[in-house]
């Protein structure tokens, strides 16, 4: 049975997609069976995995509205070594379509239940807002991975996200918990980064992952080549950090 994790943060530009894609590829490099679910209409995780969002015959949109199954819609990231449930712009219409469907916040959960025996990890890249799509991601997941930059505004947004997770846990998904906080785009030369990092460790303790993802130009370049960073340049500092993070994730789920 797969461990299903939503990668979520209501703040945009914090590295959710970079984290989802590179964690998927890093877990695959550790010989784990992985499915990446792209729940963002921008489709960046799809393209960053080397899958053309304009050419896929079916996407997560058709899965959510019941036109097809995950098994039929998934594509393969040959470079990353994992499967992708792709997204493109038509997913933006899911908000309207889902309003008329019963149990609309659990559509993804029900669809993933049919394939979870085929995977060790299912990673859900959530959009940067609390929408019906994000709600489907949170309802379908066992836990949440929160990537965040070590800056002041990130701390403000974190409290909102924690409250959202608590509400979903109470009302819709009793299995949902925060798996951990991942510090991304970290600049060790910045005093503010170090201060915020220390605050996170003091407040959240062992919920903060030991792995820290540094600012890294090779990670930023990788999507333009349709490759995860850990494939594009495995020796880059950012790639090595994601490989360490994947190893930490494999260990952490043993105690969950």
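The values are calculated or read from the model by the stated rules, or taken from the named source; none is laboratory data. All values derive from a computational prediction rather than experimental measurement. Note that each Cβ is placed from the backbone with ideal geometry, even for glycine, and that neighbours are counted across all protein chains shown.
The table for this structure:
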item	result
Residue 123 vs. criteria under 21 Å from residue 145 (Cβ atoms), in a helix (DSSP H, G or I) and touching a residue at least 40 places away in the same chain (Cβ under 8 Å)	no
Selection status of residue 49, surrounded by 24 or more Cβ atoms within 10 Å (Cβ to Cβ), within 30 Å of residue 160 (Cβ to Cβ) and either in contact (Cβ under 8 Å) with a residue 40 or more places away in the chain or in contact with a helix residue (DSSP H, G or I) (Cβ under 9 Å, 6 or more places away or on another chain) (or both)	yes
Qualifying residue in segment 20-31 (condition: closer than 24 Å to residue 63 by Cβ, surrounded by fewer than 24 Cβ atoms within 10 Å (Cβ to Cβ) and in contact (Cβ under 8 Å) with a residue 60 or more places away in the chain)	no
Qualifying positions in segment 78-97 - part of a helix (DSSP H, G or I) and buried (at least 19 other Cβ atoms within 10 Å of the Cβ)	91, 94
Residue within segment 124-140 that is farther than 20 Å from residue 39 by Cα and either modelled with pLDDT of 95 or more or in contact with a helix residue (DSSP H, G or I) (Cβ under 6 Å, 6 or more places away or on another chain) (or both) present	no
Count of residues meeting criterion [assigned to a helix (DSSP H, G or I), within 18 Å of residue 108 (Cβ to Cβ) and touching a residue at least 24 places away in the same chain (Cβ under 8 Å)] in segment 148-187	3
Residue, nearest to the chain's Cα centre (by Cα), within segment 111-120, restricted to residues that are part of a helix (DSSP H, G or I) and over 22 Å from residue 43 (Cα atoms)	116
Any hit, segment 149-158, residues being in contact with a strand residue (DSSP E or B) (Cβ under 6 Å, 6 or more places away or on another chain), farther than 27 Å from residue 131 by Cβ and at pLDDT below 95	no
Residue within segment 205-219 that is within 20 Å of the chain's Cα centre (by Cα), in a loop (DSSP other than H, G, I, E, B), closer than 23 Å to residue 50 by Cβ and in contact (Cβ under 8 Å) with a residue 12 or more places away in the chain present	yes
In segment 105-116, the residues that are surrounded by fewer than 18 Cβ atoms within 10 Å (Cβ to Cβ), in contact with a helix residue (DSSP H, G or I) (Cβ under 6 Å, 6 or more places away or on another chain) and within 18 Å of residue 168 (Cβ to Cβ)	106
Helices (runs of 4 or more DSSP H) contained entirely in segment 9-77, each with at least 2 residues that are under 23 Å from residue 239 (Cβ atoms) and at pLDDT 95 or above	16-29, 44-48
